[in-house]
Structure formats: structure tokens, C-alpha cells
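Okay, so here's the structure we're looking at.
The values are calculated or read from the model by the stated rules, or taken from the named source; none is laboratory data. Here the structure is a predicted model, which is why all the values come from computation and not from measurement. Heads up, the Cβs are rebuilt from the backbone with ideal geometry, glycines too, and the neighbour counts pull from every protein chain shown. Calculation scope for accessible area: heavy atoms of the full protein, side chains included, ligands and nucleic acids excluded. Shrake-Rupley method; radii C 1.70, N 1.55, O 1.52, S 1.80 Å.
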Amino acid sequence: MEDNEIHIKDNIIYKIVDYHRRRPNPEKSVWDRDVSVEDEIGLFKEVVHNKWIVEDLNKQKHLGWGILSYGTRLGTGITPEKKPLYVAKFKDENLNEYFHGYPIDYTCVHDRVPKSILKDWKKETRISKAQMSRMGRGFDCH
């Protein structure tokens, strides 16, 4: 295992990637400086613990989504406006339990949070019923 890889649970490994952190790629979203590596790992552990991960067999990957509490900014988007981002996505692109994560714009079709996860976030009071509805339809809540 490399230094930037963390064993999470069972066979699940999480990797911190530079292009979402220290050496940002202009075509990738970036974690905010206020979100430490420990915060990133903690959020992923929460995603695993709460089972906010779905399997996409068509594309051969696992996808997970995380949110701290509504309004807690996690990162910056890649648009010229550098849109603030509040939700994180975690990917295992080969169904091998090897994940990495980054902040996303949940209003984009390919980054929409599944309704089952939105319901859990509402149940845990991370988002309100109105926010759950807006996010589920791809509308911005901010």
C-alpha cells in the first residue's frame, strides 16, 4: 500500500489523490483548504458506515456520496466561476473496493445523488425535506 492509501474496513481502501488536493488539475474539482485530509477520510468512513454506496453494474463501478451538514462547503468546482460544492462523490471504478473521492456539483446529471441516499440524509437531518426534493430533481439549494 502507498502512503496516500488508507485501509478503511475489510478490503476497502481509500486513496488521497493530488489532483483533487495539492496539485489541482484545472479539469477536476478541488477539496477546500478548510477540508483536511482527515476530514476527507472521515467523510468517506461515514459513507461506508452508513452504506451510502451503490453498485453500478452497467459501468462496473461503486459510487458513494457524502455530505457533512447542509451548507458545509467541501470544495470548488471546475467552472470558470469556481462554483462552491457541498457534496462529495466517492468512486471505485473497477469494483475492487479501491476508492477515491472529490467534491461534486449534484445538479449535474452524472453527479445526482440517489433518492435512497437523499432520504437517509433527510432522516439524519443533514438536509431538509425541501432540500431533498430540490436535490433529487437536480436543482441547486444554495
Listed by first then second residue, the pairs whose first member lies in region 34-50 and is hydroxyl-bearing (Ser, Thr, Tyr), whose partner is surrounded by 15 or more Cβ atoms within 10 Å (Cβ to Cβ) and part of a loop (DSSP other than H, G, I, E, B), with beta carbons under 8 Å and at least 6 positions apart or on separate chains, are none
If we keep just the residues of region 19-37 that are open to solvent by 40 Å² or more (accessible area, probe 1.4 Å) and not in a loop (DSSP other than H, G, I, E, B), which is modelled with the highest pLDDT? 37
Selection status of residue 68, among the aliphatic types (A, V, I, L, M), modelled with pLDDT under 90, open to solvent by 10 Å² or more (accessible area, probe 1.4 Å) and farther than 24 Å from residue 5 by Cβ: no
Give region 96-125 a look and list any residue that's open to solvent by less than 50 Å² (accessible area, probe 1.4 Å), under 25 Å from residue 21 (Cα atoms) and assigned to a loop (DSSP other than H, G, I, E, B), or say none. 105, 106, 107, 108, 113
Hey, does region 74-82 have a residue that's among the charged types (D, E, K, R) and either under 15 Å from residue 116 (Cβ atoms) or in contact with an Asp or Glu (Cβ under 8 Å, 6 or more places away or on another chain) (or both)? no
Out of (1) surrounded by 14 or more Cβ atoms within 10 Å (Cβ to Cβ); (2) touching a Ser or Thr at 6+ places or on another chain (Cβ under 9 Å); (3) free of Cβ contacts under 8 Å to residues at least 40 places away in the same chain, the one residue 6 does not meet is (2)
